[in-house]
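The values are calculated or read from the model by the stated rules, or taken from the named source; none is laboratory data. This one's a predicted model, so the numbers in the text were calculated from it and none came from an experiment. Here the Cβ positions follow ideal geometry from the backbone for every residue, glycine too, while neighbour counts run over all protein chains shown. These accessible areas exclude ligands, DNA and RNA; they are computed on the full protein's heavy atoms, side chains included. Shrake-Rupley method; radii C 1.70, N 1.55, O 1.52, S 1.80 Å.
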Amino acid sequence: FKMCPGRVLCKLPCSGEKEVDLAVQSAKAAFKIWSQMSGMERCRVMLEAARIIREQREEIATMETINNGKSIFEARVDIDISWQCLEYYAGLAGSLAGEHVQLPGGSFGYTRREPLGVCVGIGAWNYPFQIACWKSGPALACGNAMVFKPSPFTPISVVRLAEIFIEAGVPKGLFNVVQGGAATGQFLCQHPDVAKISFTGSVPTGMKIMEMAAKGIKPVTLELGGKSPLIIFSDSDLDNAVKGALMANFLTQGEVCCNGTRVFVERKILDTFTKEVVKCTQKIKIGDPLLEDTRMGALINLPHLNRVQGFIKQAKEQGAEVLCGGDLYVPDDPKLKNGYYMRPCVLGNCKDDMTCVKEEIFGPVMAILPFDTEEEVVERANATKFGLAGGVFTRDIQKAHRVVAALKAGMCFINNYNVSPVELPFGGYKSSGFGRENGRAAIEYYSQLKTVCVEMGDVESVF
């Protein structure tokens, strides 16, 4: 692979109903083998997969950068999180167990934690490899098989993951990849042999998947969009808060579902904070994502770039002020001239009812909003259909815990942002979805409990 912005990277055939069925049947056959292995046996295979990813970190990160457009610096972090995820769930695989309950008269009951079967994973284009590991890690640890469909905009790196699983020793077909768009996803969701669906993506698509899953009574995990609040109190460490705001808005060109794009700043430090955040935003190095000093690459494709530009245009029409960026960027390197680059944008003079403040832009656009009191900002922060994340910057630790307790969001940060350790659950409230990825919580969504009641005496009959 090589960088070729604006040009076709590769062509892959879309999987139709026949190919989807073949993938599911292949996964079903592999499931019979994998589910009968002990947790420790599964652990060893998953650890080997993690080792291969760790060993091939640079190669996979380069592939991911070309696949998505994010900086190589960020892509390496994604790959590290990926192998850590597999290591974490490998560790849990050997310890999955039910419980024993003593009943009267020497009788007893016990529970078995059993796999679901063939699980479907449908990924997004912002973290292709990482999302595939987040979904396959707990699925495989619990004894399931998985058929995974990456976004048609980033189809490449997940295929490498499938190859790595085979190299590590999973049964052939245990992790299958199908390619395609909405039609392929529909075939997966409606397949009678699919036991569960895990989707990361937009709210409208999540609603359609939930509807299709309902017809088959299939459990779903939905990790959808967000318009998360980042609250900066006047007693915060200003430099740290500015860094947090940049992390909350400009990772992966702003194409992150849990980004804190509504930045609420206490009025007494509004001017100071705004001046500093604009200065730091203007210093962000844009360009070839494979260069070590690049911190912002290209957006995913031209329609998305145009969509983000449309939000900025509408924001100006509604009275917001562009404090910096928002315009297209053309790198000096002629081979990058067709790339989908833009300068990161900071919007001032924003109001809660503006479209740029209410809707998820999914691009490098930060909206700054002043506030006066804690009670006021919590109410405004929660006045959204989304509930994926939220952040607070303050030196007052009591206030920090009080505010995050009041935020209606599944992932909250205190004096940091966009930190996603695999040991902690990740997921949202309200329209941002339900179910959890990562942490022990994910085990609940990739397994089911069977209760067994054992009578040691005669049956007590009422007849």
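All conditions in (1) of a type in the set (A, V, I, L, M); (2) under 27 Å from Leu407 (Cα atoms); (3) open to solvent by less than 10 Å² (accessible area, probe 1.4 Å) hold for Leu174, with the sole exception of (2).
Based on this model, can you work out whether Pro104 counts as open to solvent by 10 Å² or more (accessible area, probe 1.4 Å), farther than 24 Å from Asp80 by Cβ and within 26 Å of the chain's Cα centre (by Cα)?
For Pro104, the condition - open to solvent by 10 Å² or more (accessible area, probe 1.4 Å), farther than 24 Å from Asp80 by Cβ and within 26 Å of the chain's Cα centre (by Cα) - is not met.
In summary, strands (runs of 3 or more DSSP E) completely within region 220-288 and bearing 1 or more residues that are open to solvent by 20 Å² or more (accessible area, probe 1.4 Å), touching a residue at least 60 places away in the same chain (Cβ under 8 Å) and acidic (Asp, Glu) occur at 262-266.
Filtering Gly325, Gly319 for residues that are within 14 Å of Cys356 (Cβ to Cβ), touching a Ser or Thr at 6+ places or on another chain (Cβ under 8 Å) and open to solvent by 20 Å² or more (accessible area, probe 1.4 Å) leaves a single hit, Gly325.
Please determine, by comparing only the residues of region 177-186 that are aliphatic (A, V, I, L, M) and open to solvent by 20 Å² or more (accessible area, probe 1.4 Å), which one is nearest to Ala139 (Cα to Cα). So that I can check it myself, show each step before the final result.
Of the residues in region 177-186, the ones aliphatic (A, V, I, L, M) are 177-178, 182-183.
From the residues that got through so far, the ones that are open to solvent by 20 Å² or more (accessible area, probe 1.4 Å) too are 177, 182-183.
Working: Val177: 15, Ala182: 23, Ala183: 24 Å.
That would be Val177.
Each residue in region 75-85 was checked for being open to solvent by less than 70 Å² (accessible area, probe 1.4 Å), within 22 Å of Arg440 (Cα to Cα) and not hydrophobic (A, V, I, L, M, F, W, C), and 3 pass. A single entry from Arg295, Arg380 fulfils the requirement of being within 26 Å of the chain's Cα centre (by Cα), open to solvent by less than 60 Å² (accessible area, probe 1.4 Å) and within 29 Å of Asp237 (Cα to Cα): Arg380.
Among the residues here, Ala442 qualifies as touching a Phe, Trp or Tyr at 6+ places or on another chain (Cβ under 9 Å), more than 14 Å from Gly226 (Cα to Cα), aliphatic (A, V, I, L, M) and not in a loop (DSSP other than H, G, I, E, B). Scanning region 239-267 for residues that are under 16 Å from the mean Cα position of the chain (by Cα) and aliphatic (A, V, I, L, M) yields Met247, Ala248, Leu251, Val256.
Exactly one residue among Tyr110, Tyr127, Tyr88 is open to solvent by 10 Å² or more (accessible area, probe 1.4 Å), modelled with pLDDT of 95 or more, farther than 23 Å from Lys196 by Cα and of a type in the set (Phe, Trp, Tyr), and that residue is Tyr110.
Filtered by the rule that a residue be over 17 Å from the mean Cα position of the chain (by Cα) and not in a strand (DSSP E or B), region 184-206 gives Thr184, Gly185, Gln186, Phe187, Leu188, Cys189, Gln190, His191, Pro192, Asp193. Scanning region 406-439 for residues that are over 12 Å from the mean Cα position of the chain (by Cα), assigned to a strand (DSSP E or B) and within 10 Å of Glu223 (Cα to Cα) yields a count of 1.
Do the conditions hold for Leu47, that is, is it free of Cβ contacts under 8 Å to residues at least 12 places away in the same chain and not polar (S, T, N, Q)? Explain how you work it out, then say what you get.
On the way: free of Cβ contacts under 8 Å to residues at least 12 places away in the same chain: no; not polar (S, T, N, Q): yes.
It is false that Leu47 is free of Cβ contacts under 8 Å to residues at least 12 places away in the same chain and not polar (S, T, N, Q).
Selection of region 442-463 for residues being among the small types (Gly, Ala, Ser) and either open to solvent by 30 Å² or more (accessible area, probe 1.4 Å) or not assigned by the TED database to the domain that holds Gly137 (or both) yields Gly457, Ser461. Only one entry in Val403, Val419 is outside the structural domain of Ser202 (by the TED database), open to solvent by 30 Å² or more (accessible area, probe 1.4 Å) and not hydroxyl-bearing (Ser, Thr, Tyr), namely Val419.
In the list Lys279, Lys275, Lys243, Lys218, which residue meets the criterion of being under 16 Å from Asn418 (Cβ atoms) and at pLDDT 95 or above? It would help to see each step written out before you state the result.
Working: Lys279 fails: under 16 Å from Asn418 (Cβ atoms); Lys275 fails: under 16 Å from Asn418 (Cβ atoms); Lys218 fails: under 16 Å from Asn418 (Cβ atoms).
Of Lys279, Lys275, Lys243, Lys218, the one residue that is under 16 Å from Asn418 (Cβ atoms) and at pLDDT 95 or above is Lys243.
Against the test of being basic (Lys, Arg), under 21 Å from the mean Cα position of the chain (by Cα), open to solvent by 40 Å² or more (accessible area, probe 1.4 Å) and at negative phi, the options Lys337, Lys385 yield a single qualifying residue, Lys385. Scanning region 10-20 for residues that are farther than 13 Å from Phe148 by Cα and open to solvent by less than 60 Å² (accessible area, probe 1.4 Å) gives Cys10, Gly16.
Restricting Thr62, Thr111 to residues that are within 30 Å of Tyr340 (Cα to Cα), of a type outside the set (D, E, K, R) and not assigned by the TED database to the domain that holds His304 narrows the list to Thr62. Of all residues in region 43-66, those satisfying the criterion of being within 17 Å of Ile156 (Cα to Cα) and either open to solvent by less than 10 Å² (accessible area, probe 1.4 Å) or of a type in the set (D, E, K, R) (or both) are Ile53, Arg57, Glu58, Glu59, Ile60, Ala61, Glu64, Thr65. Mind listing whichever residues of region 20-71 are more than 21 Å from the chain's Cα centre (by Cα) and among the basic types (Lys, Arg)? The answer is Lys28, Lys32, Arg42, Arg44, Arg51.
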